[in-house]
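Step one of this worksheet: look at the structure below.
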Amino acid sequence: MPQVPRQDWYEKAAAAIVRTGKTLYAYVNEAGLGLTSTECGNIARTKEFMAALRAERNKFYKELATDPDRSRNVAVGQLLFVIQKLLENEQYDKASASLLNLFKVEGWATDQTAINIFNDLNSKDIDGLKRRLAEKAKKE
């Protein structure tokens, strides 16, 4: 495969691919760069383009992670949206698994009637407490 020299439009194309889901060929056509589908395929496999694409994905993921509007409510809304799409596509098994995840996020999937009164105490801790109580009872 011949090496295609790095072009200055790689970053713009990578941004369009990551942010809009376009293909490289679609971007090239919109930008009027005059490349064929085969040429786009060859460019997409070059180390230079893959590096530009990877860098743009990292920028995009960082933006998502540091978005001040991101919250638990947004995540629940996204999960509800995904569940609705799965139901519309009759993917009931995936929708039910997603519903279980929603229940966990909302705190509905835990057994709220069970209360752990020992709170991570081991048998040694319990024996020590028994001894202290017994000593206290003898003093009284």
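The values are calculated or read from the model by the stated rules, or taken from the named source; none is laboratory data. Everything numeric here is computed off the predicted structure, so don't read it as measured data. Using ideal geometry, Cβ is built from the backbone for each residue, glycine included, and neighbour counts are taken over all protein chains shown.
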Sort out which residues of the stretch 101-111 are modelled with pLDDT under 85 and polar (S, T, N, Q), and write them in order of number. THR110
Within the stretch 72-107, the residues that are free of Cβ contacts under 8 Å to residues at least 12 places away in the same chain and closer than 22 Å to ARG19 by Cβ are VAL74, GLY77, GLN78, PHE81, LYS85
Restrict the check to the stretch 43-53 and report whether at least one residue is within 21 Å of the chain's Cα centre (by Cα) and either surrounded by 12 or more Cβ atoms within 10 Å (Cβ to Cβ) or touching a residue at least 40 places away in the same chain (Cβ under 8 Å) (or both). yes
Contact list please: Cβ distance under 9 Å, first residue in the stretch 108-129 and closer than 30 Å to SER98 by Cβ, second residue aliphatic (A, V, I, L, M) and modelled with pLDDT of 65 or more, pairs at least six apart or on different chains. TRP108/LEU102; ALA109/LEU100; ALA109/LEU102
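Condition check ((1) modelled with pLDDT under 90; (2) outside the structural domain of GLY77 (by TED's automatic domain parsing); (3) among the aliphatic types (A, V, I, L, M)) across all residues:
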| residue | (1), (2), (3) |
| --- | --- |
| TYR92 | no, no, no |
| SER96 | no, no, no |
| LEU99 | no, no, yes |
| THR113 | yes, yes, no |
| ILE117 | yes, yes, yes |
| ASN122 | yes, yes, no |
| ASP125 | yes, yes, no |
| LEU133 | yes, yes, yes |
| LYS136 | yes, yes, no |
Helices (runs of 4 or more DSSP H) (entirely within the stretch 26-93) containing at least 3 residues that are within 24 Å of ASP8 (Cβ to Cβ): 37-44, 47-65
Residues that are exposed (fewer than 14 other Cβ atoms within 10 Å of the Cβ) and over 30 Å from ALA109 (Cβ atoms): does the stretch 73-94 have at least one? no
